[in-house]
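**Student:** Submitted below is the structure of interest, expressed as structure tokens.
Derivation of every value follows stated rules applied to the coordinates shown; laboratory data play no part. For clarity, every value in this text was computed on a predicted model and none was experimentally measured. Heads up, the Cβs are rebuilt from the backbone with ideal geometry, glycines too, and the neighbour counts pull from every protein chain shown.
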Amino acid sequence: MGLWGGDVMVAKSAGMANGAPGLALDHAESGVLRLHLAGEWKLKSGLPTPAVVEKQLQSAGGFNRLALDASDLGDWDSGLLAFLVGIQELCREHKVDLDPGNLPEGARRLLALATAVPERQGARRTASRPDFLSLVGNESVTLWRSAGEMMAFIGEAMQSFGKLIMGRARFRFSDLVDIIYECGAAALPIVTLISFLVGLILAFVGAIQLQQFGAQIYVADLVGIAMAREMGALMTGIIMSGRTGAAFAAQLGTMQVNEEIDALTTFGLSPMEFLVLPRMIALILMMPLLAIYADLMGILGGGLVGVGLLKITVTQYVNETLNAVHLVDFAVGIVKSAVFGVLVALSGCMRGIQCGRSASAVGLAATSAVVTSIVLIIITDGIFAVLTNALGI
């Protein structure tokens, strides 16, 4: 390909004669510069770039209009359009009018369509940052709307539970069994690891302080009460929110993307009963069992520190734990875990049902489910702490 500049356009090169893309510039008349296009302008041919023309525009002076001449233009594809858009940008930068001339009708229409949206008024506009009051107002409206959607979802869930009690809820028992396995037995490894390490850490923290007074035996009291009343249920809830709650949101979100939930509604099946209710039942049943298991693993981890580091015998540690921890402590933890299970199930299923229709929306739904469930768990745990203290439990 070649580029010609000057006052007169010279003859075409041999490459252009063979159909290769070429362009040339000449002064057609006073104040007008003409750009000739010739040959086949296809992507596979290796097209000239607007940067080559820009050099000629900078060197040529005394013109205010650039006219396009496509009389010798052969076949073309989107490569020609990309080149023309670049030329139009150059003309805008140099404040030169662009005359489409005798471009093919299709190229002229595509060029007009490509530049139909002004940068300051359409999709290319850079969004201005809202001021502080607008940001606060928008967030407040979003929070209020989210609270309303959450209350509506909880109401529908309670209606589904009412139908379950009356024996009118419709879901597959096989789905419930599968979900129970995923929420229960499949979660044991991660619950074992985290709970054991939490008990270990509690024992280490307590041992450092209690050894100063020669009261290291009370490490058993610290670990036992903390795991039974607080850490067992709390850590299990957080683990299940990140593991199971996110899985629920991703599952239901993917079904929303694939329009499977719409299909269930079309078939006359309630998504709340068919999808949400089995997941809520599974977590309500499994969370107390996992919390009790977490309590035992935490006490075992504390016992490892007590026996191995503090020179407490196994019998002493077990007896001190039995004297310190009562059934009321385990009952408080079990009630907490059941409530946490409801919160995790509601958060995961709600975010999954509210998911958009794209792959990125599924990821956002899973993230939102984890954040929502953890926030609700912490708030609920604080409420439990206040209530148990007020009731003297």
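**Student:** Taking only DSSP H segments of four or more residues, each worth -39500 (n - 2.57), what value at 222 nm results for the chain once the sum is divided by all its residues, to the nearest 500 deg cm²/dmol?
**Tutor:** -21000 deg cm²/dmol
**Student:** With label points built 7 Å along Cα→Cβ from the Cα atoms of Leu304 and Asp381, find their separation and express it in nm.
**Tutor:** In this crude label model, Leu304 to Asp381 measures out at 2.1 nm.
**Student:** For Lys336, give me every one of the lysines with a C-alpha distance below 27 angstrom, ignoring sequence neighbours fewer than eight places off in its own chain.
**Tutor:** Filter leaves Lys163.
**Student:** Once the Cα atoms of helix 359-391 and of the chain are each reduced to a long axis, what angle between those two axes, in degrees from 0 to 90 to the nearest 10, is obtained?
**Tutor:** 30
**Student:** What does DSSP give for the chain in terms of the percent of beta bridges that are antiparallel, rounded to the nearest 5? All intermediate terms of the calculation are to be shown ahead of the outcome.
**Tutor:** Working: 7 of 21 bridges.
Beta bridges within the chain, antiparallel portion: roughly 35 percent.
**Student:** Sticking with this structure for a sec: So how far apart, in nm, are the two label points at Arg65 and Leu364 if each is 7 Å from Cα heading toward Cβ?
**Tutor:** 4.9
**Student:** Can you give the extra length, in nm with one decimal, that the chain gains between Arg170 and Leu391 once fully stretched, where that is 0.36 nm per residue apart less the Cα-Cα distance? Each step should come with its number before you reach the end.
**Tutor:** On the way: separation 221, 0.36 × 221 = 79.56 nm, distance 3.98 nm.
Full extension of this stretch gives 75.6 nm more.
**Student:** Using only the alpha-carbon atoms, how far is helix 78-93 inclined from the longest principal axis of the chain? Give it as 0 to 90 degrees, nearest 10.
**Tutor:** So the inclination is approximately 80 degrees.
**Student:** Here's something else I'd like to know. Nothing charged except the Cβ atoms of Lys and Arg (+1) and of Asp and Glu (-1): what's the magnitude of the dipole of the stretch 219-331 about its Cα centre? Round to the nearest 20 debye. List each step's numbers first, then the result.
**Tutor:** Details: 4 positive and 9 negative charges, 68 e Å.
That gives the stretch 219-331 a dipole magnitude of about 320 debye.
**Student:** Which aspartates and glutamates, on any chain, are close to Lys311 with Cα under 19 Å apart, when same-chain ones fewer than 8 places away are left out?
**Tutor:** Reachable aspartates and glutamates: Asp221, Glu320.
**Student:** List the equivalent ellipsoid semi-axes of the chain in whole Å, largest first, each obtained as the square root of 5λ for an eigenvalue λ of the Cα gyration tensor.
**Tutor:** On the way: eigenvalues 1052, 148, 80 Å².
Result for the chain: semi-axes of 73, 27, 20 Å.
**Student:** Would you report the distance distribution of C-alpha pairs in the stretch 167-272 as whole percents per 5 angstrom bin, up to the bin with the largest distance?
**Tutor:** 2, 10, 14, 15, 13, 11, 9, 7, 6, 5, 4, 3, 1, 0
**Student:** Moving on. What angle, in degrees between 0 and 90 and rounded to the nearest 10, separates the Cα long axis of helix 105-114 from the longest principal axis of the Cα atoms of the chain?
**Tutor:** Tilt of helix 105-114: around 40 degrees.
**Student:** Right, another one. On a straight-distance basis, which lysines could pair with Lys44 in a cross-link, Cα separation under 25 angstrom, same-chain partners fewer than 8 positions away excluded?
**Tutor:** Reachable lysines: Lys12, Lys55.
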